[in-house]
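Notes follow once the structure below has been shown.
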Amino acid sequence: MKRIGILSDTHSCWDERYERHFSGCDEIWHAGDIGDISIMQRLEEIAPVVRAVAGNIDHGTVRRKYKELEIFEIEGVKVMLTHIGGYPGKYSPGIKSLLRQNGINLFVDGHSHILKVMFDRELEMLHINPGAAGTQGWQQQRTLVTLVIDNGTMKDLQVIELTKPAFKKTASTR
(Lines give C-alpha, C1' and ligand atoms only; values in the text may rest on other atoms or scores of the structure.)
Protein backbone atom coordinates (compact mmCIF):
# COMPACT_ATOMS: atom_id res chain seq x y z
CA MET A 1 0.00 0.00 0.00
CA LYS A 2 1.34 3.43 -1.00
CA ARG A 3 0.03 6.86 -0.06
CA ILE A 4 0.61 9.36 -2.87
CA GLY A 5 0.63 13.17 -2.79
CA ILE A 6 -0.04 14.89 -6.12
CA LEU A 7 0.45 18.52 -7.08
CA SER A 8 1.08 20.65 -10.13
CA ASP A 9 1.73 24.20 -11.25
CA THR A 10 3.64 25.45 -8.22
CA HIS A 11 5.38 28.08 -10.39
CA SER A 12 8.19 28.44 -7.80
CA CYS A 13 5.71 28.91 -4.94
CA TRP A 14 6.49 27.02 -1.73
CA ASP A 15 3.71 26.69 0.82
CA GLU A 16 4.48 25.13 4.22
CA ARG A 17 1.14 23.32 3.96
CA TYR A 18 2.59 21.04 1.25
CA GLU A 19 4.67 19.46 3.99
CA ARG A 20 1.75 19.14 6.38
CA HIS A 21 -0.56 17.52 3.84
CA PHE A 22 2.07 15.27 2.25
CA SER A 23 3.74 14.14 5.46
CA GLY A 24 3.38 10.39 5.65
CA CYS A 25 3.20 10.01 1.87
CA ASP A 26 5.33 7.28 0.34
CA GLU A 27 5.61 9.24 -2.91
CA ILE A 28 4.94 12.75 -4.18
CA TRP A 29 4.20 13.39 -7.85
CA HIS A 30 4.57 16.85 -9.41
CA ALA A 31 2.82 17.23 -12.78
CA GLY A 32 4.97 20.09 -14.09
CA ASP A 33 5.38 23.86 -14.06
CA ILE A 34 7.63 23.40 -11.07
CA GLY A 35 9.47 26.68 -11.47
CA ASP A 36 12.51 26.82 -9.20
CA ILE A 37 14.37 23.54 -8.52
CA SER A 38 14.21 24.33 -4.77
CA ILE A 39 10.56 23.23 -4.84
CA MET A 40 11.66 19.71 -5.75
CA GLN A 41 14.46 19.74 -3.18
CA ARG A 42 11.97 20.61 -0.44
CA LEU A 43 9.51 17.93 -1.61
CA GLU A 44 12.36 15.39 -1.47
CA GLU A 45 12.71 16.17 2.24
CA ILE A 46 9.08 15.09 2.80
CA ALA A 47 8.75 11.76 0.96
CA PRO A 48 11.21 8.97 0.15
CA VAL A 49 10.24 9.03 -3.56
CA VAL A 50 9.47 12.17 -5.57
CA ARG A 51 8.58 11.95 -9.25
CA ALA A 52 8.09 14.91 -11.56
CA VAL A 53 7.83 16.05 -15.14
CA ALA A 54 8.86 19.35 -16.69
CA GLY A 55 6.12 21.75 -17.69
CA ASN A 56 5.93 24.49 -20.30
CA ILE A 57 7.36 27.18 -17.96
CA ASP A 58 10.22 25.01 -16.71
CA HIS A 59 13.77 25.67 -17.88
CA GLY A 60 17.37 25.33 -16.74
CA THR A 61 18.01 22.71 -14.05
CA VAL A 62 14.36 21.61 -13.92
CA ARG A 63 14.24 21.01 -17.68
CA ARG A 64 17.53 19.10 -17.60
CA LYS A 65 16.54 16.92 -14.64
CA TYR A 66 12.94 16.04 -15.55
CA LYS A 67 11.47 14.65 -18.76
CA GLU A 68 8.12 15.73 -20.21
CA LEU A 69 6.58 12.28 -19.75
CA GLU A 70 6.99 9.51 -17.20
CA ILE A 71 5.40 6.06 -17.33
CA PHE A 72 5.84 3.78 -14.32
CA GLU A 73 4.08 1.10 -12.29
CA ILE A 74 3.28 1.27 -8.60
CA GLU A 75 1.34 -1.31 -6.56
CA GLY A 76 0.03 -2.93 -9.75
CA VAL A 77 -1.20 0.37 -11.27
CA LYS A 78 0.34 1.65 -14.51
CA VAL A 79 0.73 5.44 -14.30
CA MET A 80 1.42 8.11 -16.90
CA LEU A 81 2.55 11.53 -15.62
CA THR A 82 2.87 14.56 -17.90
CA HIS A 83 2.14 18.28 -17.81
CA ILE A 84 -0.05 18.97 -20.85
CA GLY A 85 -2.39 16.05 -21.48
CA GLY A 86 -6.00 17.16 -21.49
CA TYR A 87 -8.72 14.99 -20.01
CA PRO A 88 -11.27 12.35 -21.06
CA GLY A 89 -13.09 13.57 -24.15
CA LYS A 90 -10.51 16.34 -24.74
CA TYR A 91 -7.05 14.79 -24.71
CA SER A 92 -4.10 16.67 -26.20
CA PRO A 93 -2.91 15.34 -29.59
CA GLY A 94 -1.27 11.93 -29.29
CA ILE A 95 -2.11 11.40 -25.61
CA LYS A 96 -5.05 9.03 -26.06
CA SER A 97 -3.00 6.66 -28.23
CA LEU A 98 -0.14 6.71 -25.67
CA LEU A 99 -2.59 5.91 -22.88
CA ARG A 100 -4.07 3.02 -24.87
CA GLN A 101 -0.72 1.63 -26.11
CA ASN A 102 0.77 1.60 -22.62
CA GLY A 103 -2.28 0.17 -20.82
CA ILE A 104 -2.40 3.12 -18.42
CA ASN A 105 -4.67 2.80 -15.35
CA LEU A 106 -3.99 6.26 -13.89
CA PHE A 107 -3.25 9.40 -15.93
CA VAL A 108 -1.98 12.47 -14.05
CA ASP A 109 -1.41 15.85 -15.66
CA GLY A 110 -1.50 19.56 -14.86
CA HIS A 111 -1.30 22.77 -16.94
CA SER A 112 -4.96 23.88 -16.88
CA HIS A 113 -4.93 24.97 -13.20
CA ILE A 114 -8.35 23.26 -13.05
CA LEU A 115 -8.90 20.42 -10.59
CA LYS A 116 -10.39 17.42 -12.42
CA VAL A 117 -10.87 13.85 -11.28
CA MET A 118 -12.59 11.84 -14.00
CA PHE A 119 -12.96 8.21 -14.97
CA ASP A 120 -12.49 7.45 -18.67
CA ARG A 121 -14.91 4.60 -19.34
CA GLU A 122 -13.53 3.98 -22.84
CA LEU A 123 -9.95 3.49 -21.61
CA GLU A 124 -11.00 2.15 -18.18
CA MET A 125 -8.64 4.61 -16.56
CA LEU A 126 -8.71 7.29 -13.86
CA HIS A 127 -7.61 10.82 -14.81
CA ILE A 128 -6.38 13.28 -12.17
CA ASN A 129 -5.42 16.89 -12.67
CA PRO A 130 -4.63 18.19 -9.16
CA GLY A 131 -5.25 21.82 -10.17
CA ALA A 132 -2.69 24.49 -9.27
CA ALA A 133 -0.80 24.46 -5.98
CA GLY A 134 0.95 27.78 -6.64
CA THR A 135 -0.24 31.37 -6.67
CA GLN A 136 0.56 32.18 -10.33
CA GLY A 137 -2.44 32.09 -12.65
CA TRP A 138 -6.11 32.87 -12.61
CA GLN A 139 -7.32 30.06 -10.34
CA GLN A 140 -9.39 31.10 -7.34
CA GLN A 141 -8.64 27.95 -5.35
CA ARG A 142 -5.28 26.24 -4.89
CA THR A 143 -5.49 22.46 -4.57
CA LEU A 144 -3.54 19.29 -3.82
CA VAL A 145 -4.63 15.66 -4.11
CA THR A 146 -3.77 12.57 -2.10
CA LEU A 147 -4.75 8.98 -2.76
CA VAL A 148 -3.86 5.46 -1.74
CA ILE A 149 -2.83 2.79 -4.23
CA ASP A 150 -3.09 -0.71 -2.83
CA ASN A 151 -2.55 -3.87 -4.86
CA GLY A 152 -4.07 -2.51 -8.08
CA THR A 153 -6.78 -0.47 -6.35
CA MET A 154 -6.92 3.32 -6.16
CA LYS A 155 -8.85 4.52 -3.12
CA ASP A 156 -9.23 7.18 -0.43
CA LEU A 157 -8.73 10.07 -2.86
CA GLN A 158 -8.82 13.43 -1.09
CA VAL A 159 -8.86 16.94 -2.53
CA ILE A 160 -7.12 19.45 -0.29
CA GLU A 161 -8.01 23.11 -0.71
CA LEU A 162 -5.31 25.57 0.24
CA THR A 163 -7.40 28.48 1.34
CA LYS A 164 -5.69 31.83 1.32
CA PRO A 165 -4.32 32.78 4.74
CA ALA A 166 -6.23 35.55 6.45
CA PHE A 167 -4.78 38.97 5.79
CA LYS A 168 -3.50 40.48 9.02
CA LYS A 169 -3.58 44.23 9.17
CA THR A 170 -1.63 45.97 11.86
CA ALA A 171 -3.72 48.68 13.51
CA SER A 172 -2.08 52.05 13.82
CA THR A 173 -2.09 53.66 17.26
CA ARG A 174 -1.93 57.18 15.83
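The values are calculated or read from the model by the stated rules, or taken from the named source; none is laboratory data. Here the structure is a predicted model, which means the values were calculated and not measured. Don't worry about glycine lacking a Cβ; one is built from the backbone with ideal geometry, like all the others, and counts go over all protein chains shown. Note: accessible area is taken over every heavy atom of the protein model, side chains too, but ligands, DNA and RNA are not part of it. Shrake-Rupley method; radii C 1.70, N 1.55, O 1.52, S 1.80 Å.
Each residue was assigned an accessible area with a 1.4 Å probe, and for Met1 the value is about 140 Å². Accessible-area rank, largest first, for Asp156, Asp9, Asp36: Asp156, Asp36, Asp9, with all protein chains present and a 1.4 angstrom probe. Look at (1) 13.7; (2) 11.6; (3) 22.9: the one that is mean projected area of the Cα convex hull in nm² derived from this structure is (2). Within region 34-174, antiparallel bridges make up roughly 80 percent of the DSSP beta bridges whose residues both belong there. Near the amide H of Lys116, within less than 5 Å, lie the amide hydrogens of Asn129, Gly131, all on another chain or at least 5 residues away, with H placed in the peptide plane.
When the Cα centres of region 82-140 and region 1-73 are compared, how far apart do they sit, in Å? So the separation of the two Cα centres works out to 16 Å. When the Cα gyration tensor is reduced to axis lengths a ≥ b ≥ c, the ratio a/c is 1.5 or higher for region 23-105, and with a/b not above b/c it is classed as oblate.
How would Val145, Val117 line up by accessible area, probe 1.4 Å, largest first?
Working: Val145 0, Val117 65 Å².
So, going from the largest accessible area down, we get Val117, Val145.
Peptides 56-62, 129-135 ordered by packing proxy, namely the average of other Cβ atoms within 10 Å per residue, highest first: 129-135, 56-62. With all protein chains in place and a 1.4 Å probe, the accessible surface of region 33-174 carries 48 percent carbon and sulfur.
For the chain, the tally of Lys pairs with Cα-Cα distances below 28 Å comes to 25, considering only residues 8 or more apart or on different chains. Taken per residue, the accessible surface of the chain reaches 53 Å², heavy atoms only and a 1.4 Å probe. Put Leu144, Leu69 in order of accessible area, highest first, and with a 1.4 Å probe you get Leu69, Leu144.
Can you check what the net charge comes to around Gly55, using other residues whose Cβ is under 11 Å from the Cβ of Gly55 (Lys, Arg +1; Asp, Glu -1)?
Numbers: positive: Arg63; negative: Asp9, Asp33, Asp58, Glu68, Asp109.
Local charge sum for Gly55: -4.
Between Gly134 and Thr10, the built amide H atoms are under 5 Å apart, and every one of these is 5 or more places off in sequence or on another chain.
A simple count of charges around Glu75, restricted to other residues whose Cβ falls under 9 Å of its Cβ and scoring Lys, Arg +1 and Asp, Glu -1, yields -1.
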